[in-house]
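Working notes, structure below.
The values are calculated or read from the model by the stated rules, or taken from the named source; none is laboratory data. Computed from a predicted structure; not experimentally measured. All Cβ positions, even for glycine, are placed from backbone atoms using ideal geometry, and neighbour counts span all protein chains on display. What goes into the accessible areas is simple: the full protein's heavy atoms, side chains included, and nothing from ligands, DNA or RNA. Shrake-Rupley method; radii C 1.70, N 1.55, O 1.52, S 1.80 Å.
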Number of protein chains: 2
Amino acid sequence: MKIAIIGTGIVGRTLALALQGAGHDVVVGTRDPEETGKREAWSGLGVPLRPLGTVAADADLVVNATNGQASVAALGEVGSADLAGKVVLDVANPLDFSQGFPPTLTVKDTDSLAEQIQRAFPEARVVKSLNTVTASVMVAPGTVGDGDTTIFAAGDDVAARQQVVGLLRELGWRDVVELDGLHNARGLEMWMPLWVRLMGALGTAEFNIKLVR
Amino acid sequence: MKIAIIGTGIVGRTLALALQGAGHDVVVGTRDPEETGKREAWSGLGVPLRPLGTVAADADLVVNATNGQASVAALGEVGSADLAGKVVLDVANPLDFSQGFPPTLTVKDTDSLAEQIQRAFPEARVVKSLNTVTASVMVAPGTVGDGDTTIFAAGDDVAARQQVVGLLRELGWRDVVELDGLHNARGLEMWMPLWVRLMGALGTAEFNIKLVR
């Protein structure tokens, strides 16, 4: 699959390497590919960097791995036309660290970042997933406990959700809970305030939950 | 231990029976004990009902099992004097069903119901716990999966938290995660928007999460 990843932070880098390793044709979008390519994290990595305005032109699937507060603007630079009809896997969280730790959420309860993105790009097929775990766990669920913790996927478009579930399985996720409707992203994003506190209490981000039923 | 439970809904009733069954001296507070005693759920149950204004006078520990939107008012009827110095175990959630299902939260992110209660009754020793599961699971964690799912306890007062942890162990909880500081209740209450959606997706409230680390 041709996958365009938007965002050059640790999440974008981790997903790019893992999805490329899984055999996908991955490109990463950034405002200034030349500048990004000079950064230690990206230098010699072997993952093609492209300007935001062209990165998604040929993509089958677009991953939003930007900072939640910058997501709509960054996807705006990618452009509505290049997002139209495509699955947009939104792994971002609308965290606000301006008042320190723990962060608050910039949107919640009656709306979500995923829904903001969907409204901004109505022809995109937005699916929320992977935002409930840290980057290293996103691509290696087997490293947490017995490797069978739970990941969620929420979205309005069933076929888009199925495509994301397929990617999740490639990454090693076995217990995938699908939530029908993108409004469910409110619940997934509102898990973050507990997640950040558990990270503090546990002293590590390498944890997850298992839904036991 | 002398335990006063505030609230005569399913949560109050379930906790009253379980804590009485565990050997505690349990009384339940209600605005009109005579009227409540006539209700099918309470008639002949063998749990003493007392008016809110006297129910906590002799209590060692007070449980807030009221509707979250009514909690501060109900505890106000119990009275600051009778709450002073006591552990107040807050199991309530600030759910707002006025716009239908799924509910939203009346307080979140930068504040919590538990903190509202603490501010209203500064001499009480508030501990948030058990709000993350349905009533039947609160008192019978062994019924979910292998019986070893996770419960949380958050509060400022370490001794109060320890007293609650003791009660949790009596109820059968083995994996208790303590969070230092009542502000952590924000995370525990903000788990609810995902919980209610999972309840919808799973078709049951009899589930929980295991924190895997």
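Mind pulling up the Rg/Rh value for segment A:33-147? Radius of gyration and Kirkwood radius, both on Cα.
Checking Rg against Rh, the ratio lands at 0.99.
Ordered shortest first, which distances in nm separate the 7 Å Cα→C-beta label point of B:Phe101 from those of the other copies?
Those separations, rounded to one decimal, come out as 3.9 nm.
Convex hull over the alpha-carbon atoms of segment A:61-110: what's its volume per residue in Å³? Before the final figure, lay out each step's value.
Working: hull volume 4.5 nm³, N = 50.
Output value, Cα hull per residue: 90 Å³.
Heavy atoms only, probe 1.4 Å: what % of the accessible area of chain B goes to carbon and sulfur, would you let me know? Show your work: numbers first, answer last.
On the way: 3870 of 7910 Å².
C and S atoms contribute 49 percent here.
Using only the alpha-carbon atoms of segment A:86-141, report the extent along each of the three principal axes, biggest first, to the nearest angstrom.
Ordered largest first, segment A:86-141 gives principal extents of 36, 30, 16 Å.
What percent do you get for the relative contact order of chain A when only Cα pairs under 8 Å and 6+ apart count?
18
With chain A treated as a Gaussian network of Cα nodes joined by springs under 10 Å, which of A:Asp32, A:Asp82, A:Asp90 yields the largest mean-square fluctuation?
The residue with the greatest mean-square fluctuation here is A:Asp32.
Over the Cα atoms of segment A:1-99, Rg to Rh with Kirkwood Rh, two decimal places?
My calculation puts Rg/Rh at 0.95.
May I ask you to report, in nm to one decimal and beginning with the shortest, the distances from B:Leu45 to the same position in the other copies, taking label points 7 Å along Cα-to-Cβ?
For B:Leu45, the inter-copy label distances come out at 5.8 nm.
Given 5 Å bins starting at zero, what is the percent of C-alpha pairs of segment B:166-208 in each, up to the one with the largest pair distance?
5, 17, 17, 20, 25, 13, 2
Taking N as the number of residues in segment A:80-196, what is its Cα Rg relative to 2.2 N^0.38 Å?
Cα-based Rg divided by the globular estimate yields 1.05.
Test of understanding: in a Gaussian network model of chain A with alpha carbons linked when under 10 Å, which of A:Gln99, A:Gln116, A:Gln69 would top the mean-square fluctuation ranking?
Among A:Gln99, A:Gln116, A:Gln69, the largest mean-square fluctuation in the Gaussian network model of chain A belongs to A:Gln99.
Would you mind estimating how fast the protein assembly as shown diffuses translationally, via Stokes-Einstein at 25 °C and 0.890 mPa s with the Kirkwood radius over Cα pairs, in µm²/s?
Details: Rh = 22.8 Å.
My calculation gives 107 µm²/s for D.
Give me the one-decimal nm value for the distance between modelled label points at B:Ala140 and A:Ala73, 7 Å along each residue's Cα-to-Cβ direction.
Output for this residue pair reads 5.4 nm.
Using a 10 Å cut-off around each Cβ of peptide B:100-109, what is the average number of partner chain Cβ atoms that fall inside?
Mean number of neighbouring Cβ atoms from other chains: 3.
Percent relative contact order of segment A:42-95, based on C-alpha pairs within less than 8 angstrom and at least six residues apart?
45
What's the magnitude of the charge dipole for segment B:1-87 around its Cα centre, counting Lys and Arg as +1 and Asp and Glu as -1 at the beta-carbon? Answer in Debye, nearest 20.
Magnitude of the dipole: close to 140 debye.
What are the radius of gyration and Dmax of segment B:1-41, computed over its Cα atoms and given in Å?
Spelled out, the Cα radius of gyration and Dmax of segment B:1-41 are 10.0, 27 Å.
What pairs in A:Lys38/A:Lys86; B:Lys108/B:Lys128; A:Lys86/B:Lys108; B:Lys2/B:Lys128; A:Lys86/B:Lys210 have C-alpha atoms more than 25 Å from each other?
A:Lys38/A:Lys86; A:Lys86/B:Lys108; A:Lys86/B:Lys210
Nearest 5 percent is fine: what portion of the DSSP beta bridges confined to the protein assembly as shown is antiparallel?
Of the beta bridges lying entirely in the protein assembly as shown, close to 20 percent run antiparallel.
Separation between the B:Asp96 and A:Asp180 pseudo-spin-labels, each 7 Å from Cα along Cα→Cβ, expressed in nm?
That separation, rounded to one decimal, is 2.8 nm.
Run the 1.4 Å probe and let me know the accessible area of B:Phe121, rounded to the nearest 10 Å².
Solvent-accessible area, nearest 10 Å²: 20 Å².
To the nearest hundred square angstrom, how large is the accessible surface buried between B and A, total for both chains, probe 1.4 angstrom?
For chain B against chain A, roughly 2800 Å² becomes buried.
Kirkwood hydrodynamic radius of chain B from all distinct Cα pairs, in Å?
On the way: mean 1/r = 0.0583 Å⁻¹.
For chain B, inverting the mean 1/r across all distinct Cα pairs yields 17.1 Å.
Treating the point 7 Å from Cα along Cα-beta-carbon as the label, what are the nm separations from A:Gly79 to the other copies, to one decimal?
Reported distances to equivalent positions: 7.3 nm.
Give, in nm to one decimal, the length gained when the segment between B:Met199 and B:Glu123 is fully stretched (0.36 nm per residue of separation minus the Cα-Cα distance).
Values: separation 76, 0.36 × 76 = 27.36 nm, distance 3.60 nm.
Taking 0.36 nm per residue and subtracting the Cα distance, the gain is 23.8 nm.
Using Cα pairs closer than 8 Å and at least 6 residues apart in sequence, work out the relative contact order for segment A:45-136, in percent.
RCO, segment A:45-136: 30 percent.
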